[in-house]
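Colleague: Input: one structure, supplied below.
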Amino acid sequence: MILPAITTVRRFDASAHAPFLIGDERVGWIRRGDINALRRWPDVFEIGDASVRLSPSLADVNSRTAALGAVIAALHAEGKIPGWRNEIYAIRNDFDAPPLAFIERAASRFLSTMTYAVHLNGIVKYRDKAPKLCGVVDRASRRHQGHRSRHA
């Protein structure tokens with residue numbers, strides 16, 4: 001049996017997305033249908049046929065964070081970024097890499113940036129019955145809005 005998330009990732013259609021770049025680093029994918037929503041911020045995004053690039057004038061973490069924050073707040077107010085969590089999240093491709101910018105975590109779905117999470121599973125051993133596998137992720141996932149895959 002193939003899990004639905006794996007099936008979704010395998011169906012990734014690069015032609016339906018544009019790479020989202022900060023500098024020369026691809027940090028996400030933006031659905032082509034969402035690109036028009038970004039055109040009103042030409043000081044923040046350079047939008048070409050092949051990619052969406054954060055403006056090179058936003059040269060440091062603080063300026064990128066401020067510019068993206070304004071865009072994300074506007075898109076959220078319009079309903080394009082649902083599931084607001086009031087959780088600041090770093091844009092980076094590797095867990096230990098320095099952040100390129102900080103965004104509201106809900107926006108990571110719109111920008112398809114890399115996200116990280118912690119899941120805890122364990123086995124509870126009882127004196128009078130068989131051990132039971134417990135997964136904390138099931139309880140936590142019900143609280144959060146579903147998200148689209150980074151590659152879907």
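Quick note: the coordinates plus some simple rules give every number you see, no bench work behind them. Nothing here was measured: the structure is a model prediction, and the numbers come from that model. Methodologically, a virtual Cβ is constructed for each residue, glycine included, from the backbone with ideal geometry; neighbour enumeration extends over all protein chains shown.
Colleague: Along the charge dipole of segment 1-87, which of Ser57, Gly33, Phe20 sits closest to the positive end, that is, farthest toward it, with unit charges on the beta carbon of Lys, Arg, Asp and Glu (+1, +1, -1, -1)?
Modeller: Among Ser57, Gly33, Phe20, the one farthest towards the positive end of the dipole of segment 1-87 is Gly33.
Colleague: Exactly which chymotrypsin sites (Phe, Trp or Tyr not before Pro) in segment 23-126 are in a DSSP loop and have at most 16 other Cβ atoms within 10 Å?
Modeller: Loop-located and lightly packed - Trp84, Phe95, Tyr116, Tyr126.
Colleague: Within segment 33-133, which GluC sites (Glu not before Pro) sit in a loop by DSSP and count at most 14 neighbouring Cβ atoms inside 10 Å?
Modeller: Of the GluC sites (Glu not before Pro), the ones in loops of segment 33-133 whose Cβ has at most 14 other Cβ atoms within 10 Å are Glu78, Glu87.
Colleague: For Leu58, Leu133, what's the fewest-to-most ordering of other Cβ within 10 Å of each Cβ?
Modeller: Leu133, Leu58
Colleague: To continue, here is another question. Provide, for q = 0.10, 0.13, 0.20, 0.21 Å⁻¹, the log10 of I(q)/I(0) from a solvent-free Debye sum over equal Cα point scatterers in segment 4-143.
Modeller: Rounded to two decimals, the profile gives -0.42, -0.64, -1.30, -1.41.
Colleague: Sort Asp49, Asp43 so that the residue with the fewest other Cβ atoms within 10 Å of its own Cβ comes first and the one with the most comes last.
Modeller: So the ranking, lowest neighbour count to highest, is Asp49, Asp43.
Colleague: Next up: When Rg is the radius of gyration of the Cα atoms in segment 1-64 and Rh is its Kirkwood radius, what does Rg/Rh come to?
Modeller: Ratio of gyration radius to Kirkwood radius for segment 1-64: 1.09.
Colleague: So which trypsin sites (Lys or Arg not before Pro) in segment 1-94 pass both tests, a DSSP loop state and at most 16 other Cβ atoms within 10 Å of the Cβ?
Modeller: Arg11, Arg39, Arg40, Lys80, Arg85
Colleague: Arrange Ile91, Ile47, Ile123, Ile103 by Cβ neighbour counts within 10 Å, fewest through most, would you?
Modeller: Ile123, Ile47, Ile103, Ile91
Colleague: Above 15 angstrom, tally the Cα pairs of segment 47-108 and express them as a % of all pairs, no decimals.
Modeller: For segment 47-108, the share of Cα pairs beyond 15 Å comes to 56 percent.
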